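The values are calculated or read from the model by the stated rules, or taken from the named source; none is laboratory data. Keep in mind that this is a model prediction, so the values were computed, not measured. No Cβ is skipped: glycine too gets one built from the backbone with ideal geometry, and neighbour counts run over all protein chains shown.
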There are 2 protein chains.
Amino acid sequence: MTQKTSNYITKLRNSKLRPTKQRIKICEALFDRSETFHFTIRDLYNLLTNNLVHKISLATVYNTVHAFKNSGYLKQINIDSNNNYFDTNTSHHHHFFDETNNELIDLKNEDIKKIELKKIIPGKKIKSVEVLVKIEPE
Amino acid sequence: MTQKTSNYITKLRNSKLRPTKQRIKICEALFDRSETFHFTIRDLYNLLTNNLVHKISLATVYNTVHAFKNSGYLKQINIDSNNNYFDTNTSHHHHFFDETNNELIDLKNEDIKKIELKKIIPGKKIKSVEVLVKIEPE
DNA sequence: ACCTAATTTATAATCATTCTAAACTGTAAG
DNA sequence: CTTACAGTTTAGAATGATTATAAATTAGGT
């Protein structure tokens with residue numbers, strides 16, 4: 001077994017999932033990359049079923065992606081109600097979004113000046129601060 | 001005809017919509033308010049059909065809200081894929097979102113220190129910068 | 001190799017949203 | 001004031017994403 005595969009098995013076990021053939025294939029599609037990967041469930045499903053002999057059902061893709069999201073191995077990005085994206089970059093960061101081609105680009109936390117709020121909500125604490133920068137051709 | 005009603009008719013005409021009974025009712029529900037109103041289409045539909053004798057169809061609510069969004073009289077707020085909100089506050093501002101009760105709170109642009117990006121995308125210009133602050137009980 | 005609980009899968013169900021086409025209405029011309 | 005017609009409303013159908021179901025299959029321990 002390769003180092004990569006045993007790494008996937010660890011991720012799966014940490015997500016309370018047994019390492020099955022289908023889930024390993026999903027891990028390969030998601031994590032065997034040099035760049036971060038922004039995708040919709042449909043993107044991932046198409047990628048998996050176009051390239052592989054053994055089909056993986058849509059339900060399994062949904063279940064596995066959501067388990068990884070819940071265990072912190074994937075981040076969900078909220079752009080708008082039409083596009084539900086996930087991100088393999090789980091560090092604290094933000095995004096550019098180009099609506100002309102639905103392209104997402106990471107904006108590293110250090111590439112944005114610290115966000116300072118002058119307003120607080122009594123009885124509430126801040127859970128997260130997300131910035132979305134929409135861009136368009138010049 | 002009241003001042004308010006003629007204001008609604010102006011909004012409708014500017015949105016390329018004829019002022020019909022249904023659309024005036026929708027305007028009253030949306031714009032006859034002292035505070036900004038955050039709502040989903042379903043919220044608005046329930047509000048309209050619970051309180052009024054004459055029913056308004058869901059399709060008309062969708063059509064009218066989207067026309068107002070396109071003409072700039074409403075702003076769409078992207079929280080997550082489950083909740084598609086609209087906002088009667090069309091000024092440049094941001095939001096707090098409390099997931100425990102799905103409550104949205106405005107964060108005025110002057111209540112946040114100017115956001116400065118150290119990264120640019122060649123060939124692209126910035127269209128909008130949206131900040132979403134998720135909060136939770138302390 | 002067996003047992004059992006977890007998993008996969010096709011399919012159905014659900015939910016938000018959009019589409020459709022027939023009935024209705026606002027508007028402007030006569 | 002009436003008419004004509006394009007715009008509007010509406011119920012219901014269609015769509016598309018997501019979730020649920022339940023029967024067949026599989027993983028992991030004994």
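Taking the criterion of being near DNA strand D (Cβ under 10 Å from one of its atoms) and facing another protein chain (nearest Cβ under 9 Å), the residues of segment A:60-81 that qualify are A:Gln76, A:Ser81.
Look at (1) assigned by TED's automatic domain parsing to the domain that holds B:Ile9; (2) of a type in the set (S, T, N, Q); (3) away from DNA strand C (no atom under 13 Å from the Cβ) and you find that B:Asn101 fails only one, number (1).
Can you spot a residue in segment B:63-79 that is within 27 Å of A:Asp98 (Cα to Cα) and modelled with pLDDT under 95? Scanning segment B:63-79, I find at least one residue that is within 27 Å of A:Asp98 (Cα to Cα) and modelled with pLDDT under 95, so the answer is yes. In segment A:101-138, of all residues being at the interface with chain B (Cβ under 7 Å from one of its Cβ atoms) and among the basic types (Lys, Arg), the one that is nearest to A:Ile79 (Cα to Cα) corresponds to A:Lys134. Residue pairs whose Cβ atoms lie under 8 Å apart, separated by 6 or more positions or on different chains, with the first residue in segment A:34-63 and in contact (Cβ under 8 Å) with a residue 12 or more places away in the chain and the second near DNA strand C (Cβ under 9 Å from one of its atoms) and in a loop (DSSP other than H, G, I, E, B), are A:Tyr45/A:Ile56; A:Leu48/A:Ile56. Of the residues making up segment B:1-28, those that are surrounded by 12 or more Cβ atoms within 10 Å (Cβ to Cβ) and not in a helix (DSSP H, G or I) are B:Ser15, B:Leu17, B:Pro19, B:Thr20.
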